[in-house]
1. Remind me, what semi-axes does segment 113-245 give for its equivalent ellipsoid, largest first in whole Å, using sqrt of 5 times each Cα gyration tensor eigenvalue?
2. Over segment 1-50, what portion of Cα pair distances is larger than 16 Å, expressed as a whole percent?
3. From zero up to wherever the largest Cα-Cα distance of segment 201-256 sits, split into 5 Å bins and tell me the percent of pairs in each.
4. Against the 2.2 N^0.38 Å scaling, with N counting residues, where does the chain land? I'd like the Cα-based Rg ratio to two decimal places.
5. Mind pulling up the Rg/Rh value for segment 176-220? Radius of gyration and Kirkwood radius, both on Cα.
6. With each run of n ≥ 4 DSSP H residues scored as -39500 (n - 2.57), what mean residue ellipticity at 222 nm is computed for the chain after dividing by its residue count and rounding to the nearest 500 deg cm²/dmol?
7. Over the C-alpha atoms of segment 117-178, what are the Rg and the largest Cα-to-Cα span, Dmax, in Å?
8. Give me the tail of P(r) for segment 11-85 as a percent: Cα-Cα pairs with distance above 21 Å.
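Throughout, read-outs are computed from the coordinates displayed, never taken from laboratory work. Here the structure is a predicted model, which means the values were calculated and not measured.
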Ligand code: ATP
């Protein structure tokens, strides 16, 4: 299509001292797709997420969201543009309840100060009710509504991963970056997650970038996959293209 991709990197390089983590990377993520970013350990996948979300600034090259450069914007500003992520290592507020974890993400604009709390307008009150309903609907979708009052840390591991996704969705993003969401999940949970990812794309018109080592999930969920090795692209294509690509098999799938 003629519309610009939602997310892109252009000739992007990231160096950490002597290490080149990402080299001359062109990434083009079309809207409303599940896009897989795969590669062996240390290939640079998490670093790509970190430059897309403003955690790191690329050494050279551009990073674009909806056709505009976002290089130099701080992470919170990029989040407000509509980019949400989850992390390889779960980062929940363990002591807060399941619902509170999602609610904390529901407030993209800050409303602080005593006066703000004392004189909440009717509009704010109805907005808060709406946010709570939205948070509950998200928990419902991930099968977590019954546990909404439990502390997040009391949830089983797979449920904590799902809660992280629910929390990311509470910001109402346009794009969602998922860093190894199936890690630690059993096979049934992984297959369920794969379907949920596609459902999210459809229901929220979301663009999803998936970094995942579970090949069944990647091949089942993604429209398009980009394979990186040592920071460089070695293949891009449909799951079937990728499964058959001799370079990918040699570098990566052969050992899986
Ligand atoms: P994995 O699948 O194991 O999570 P990955 O593909 O996400 O790996 P990255 O974590 O992006 O890979 O790492 C790419 C390279 O950059 C590695 O050599 C790593 O050691 C290096 N690296 C990443 N972050 C930093 C940093 N903050 N400082 C120095 N080196 C880093």
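1. Details: eigenvalues 240, 63, 34 Å².
Semi-axes, largest first: 35, 18, 13 Å.
2. For segment 1-50, the fraction of Cα-Cα distances above 16 Å is 45 percent.
3. P(r) for segment 201-256, in whole percents per bin: 4, 17, 29, 28, 12, 5, 4, 1.
4. In units of the 2.2 N^0.38 Å rule of thumb, it is 1.05.
5. Across segment 176-220, the Cα-based Rg/Rh ratio is 0.94.
6. The helix-only estimate for the chain comes to -11000 deg cm²/dmol at 222 nm.
7. 13.7, 40
8. Value for segment 11-85: 23 percent of Cα pairs lie more than 21 Å apart.
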